[in-house]
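Participant: Before anything else, here's the structure in question.
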Amino acid sequence: MAEQATLVIIKPDGLKKSLTGNILTRLSETRLKIVAAKVVRVSRELAEKHYAHLAKKPFFEELVRYITGDLHGDNRVLALVYWGENAIGKIHDLAGATNPEQAVPTTIRGQYGRILTSGVFENVIHTSSEPEEAEREIKLWFEPHDIVLDLYPVREVLTPERKSQVWA
Ligand code: TYD
């Protein structure tokens, strides 16, 4: 099995419940490498793009409120890229089933997830399910310079018109 990259997001419930350390410890069992990590304030636009495949689902609006932090009053998530052999499968297995009630109890979602009365699965982490999805998601959440490996082809552009902030 070739080396792969996969996206992990520790969702707002994970941060709110102070589970970051526990989750990272569980993920370290895989012996995969962290090649990018950042705390992200999730905009509605990013949430809608990330979950575009679920836009027609009845729970979509609640799902957007969940990932943007609206449900937990805390709009931070921790986004990471893990890299190594069979990274997608290893992390997917460790995360467990989407529905925390059906997740094996020793998986991350089995241990820490719950179902809200609204029906939304509060399942603590997101992980990519397949290589095409991982590539799409990693490109959505990270810029090339955020990642310490050359994962995907890049092109160079000059953007003098782009407004950016530097330390005052
Ligand atoms: P999905 O992409 O199907 O699963 P996964 O996160 O395991 O790749 O769904 C995205 C999120 O949507 C999921 O993590 C939790 C939420 N969700 C629900 O709240 N209810 C549902 O019935 C489904 C299928 C998903």
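The values are calculated or read from the model by the stated rules, or taken from the named source; none is laboratory data. Source: prediction; values computed, not measured. Methodologically, a virtual Cβ is constructed for each residue, glycine included, from the backbone with ideal geometry; neighbour enumeration extends over all protein chains shown. Side chains are part of the model used for accessible areas, which takes the heavy atoms of the whole protein and leaves out ligands, DNA and RNA. Shrake-Rupley method; radii C 1.70, N 1.55, O 1.52, S 1.80 Å.
Participant: Taking a virtual spin label 7 Å from the Cα of residue 149 along the C-beta vector, which residues in the stretch 7-29 bring their backbone nitrogen under 14 Å of it?
Facilitator: Counting only backbone N, you get 7-8.
Participant: Same structure again: Which value in nm describes the separation of the simple spin-label points at residue 29 and residue 139, placed 7 Å from the Cα toward the beta carbon?
Facilitator: It is 3.3 nm.
Participant: Residues of the stretch 142-158 with backbone nitrogen within less than 11 Å of a virtual label 7 Å along the Cα-to-Cβ line of residue 43, please, listed as ranges.
Facilitator: none
Participant: Then there is this: Based on the mean of other Cβ atoms within 10 Å per residue, sort peptides 117-125, 57-65 so the most packed one is first.
Facilitator: Details: 117-125: 17.9, 57-65: 15.0.
Highest to lowest by the protection proxy: 117-125, 57-65.
Participant: If you don't mind, another one. Given a 1.4 Å probe, how much area per residue of the stretch 3-146 is accessible, in Å²? The partial results should precede the final answer.
Facilitator: On the way: 7180 Å² over 144 residues.
Result: 50 Å² of accessible area for each residue.
Participant: What ranking do 137-143, 11-17 get when scored by the average of other Cβ atoms within 10 Å per residue, highest first?
Facilitator: 11-17, 137-143
Participant: Restricting to lysine pairs 8 or more places apart or on different chains, what number in the chain have Cα atoms under 17 Å apart? Display every interim value, and only then the final one.
Facilitator: Working: 11/38; 11/49; 16/38; 33/90; 38/139; 49/57; 49/139.
Lysine pairs satisfying the spacing and distance rule in the chain number 7.
Participant: Name the residue farthest towards the positive end of the dipole of the stretch 20-97 from the options 32, 42, 97, assuming +1 on Cβ of Lys and Arg, -1 on Cβ of Asp and Glu, about the Cα centre.
Facilitator: Looking along the dipole axis, the top candidate is 32.
Participant: Roughly to the nearest percent, how much of the accessible area of the chain is carbon and sulfur, given a 1.4 Å probe? Walk me through the intermediate numbers first.
Facilitator: Numbers: 5220 of 10160 Å².
Carbon-and-sulfur percentage of accessible area, whole number: 51.
Participant: Relative to the Cα centre, what is the charge dipole magnitude of the stretch 3-146, using +1 at the beta carbon of each Lys and Arg, -1 at the beta carbon of each Asp and Glu, and rounding to the nearest 20 debye?
Facilitator: Numbers: 19 positive and 20 negative charges, 78 e Å.
Roughly 380 debye, rounded to the nearest 20.
Participant: Relative contact order, percent, of the chain when contacts are C-alpha pairs under 8 Å separated by at least 6 residues? Could you put the intermediate results ahead of the total?
Facilitator: Numbers: 260 pairs, mean separation 53.8, N = 168.
Worked out over the chain, it gives 32 percent.
Participant: From largest accessible area down, sort 92, 50, 72; use a 1.4 Å probe on the protein chains. Numbers along the way, then the final one.
Facilitator: On the way: 92 75, 50 0, 72 25 Å².
Result, largest first: 92, 72, 50.
Participant: Additional query: For the chain, modelled as a Gaussian network with Cα springs under 10 Å, which listed residue fluctuates most, 91, 115, 67?
Facilitator: 115
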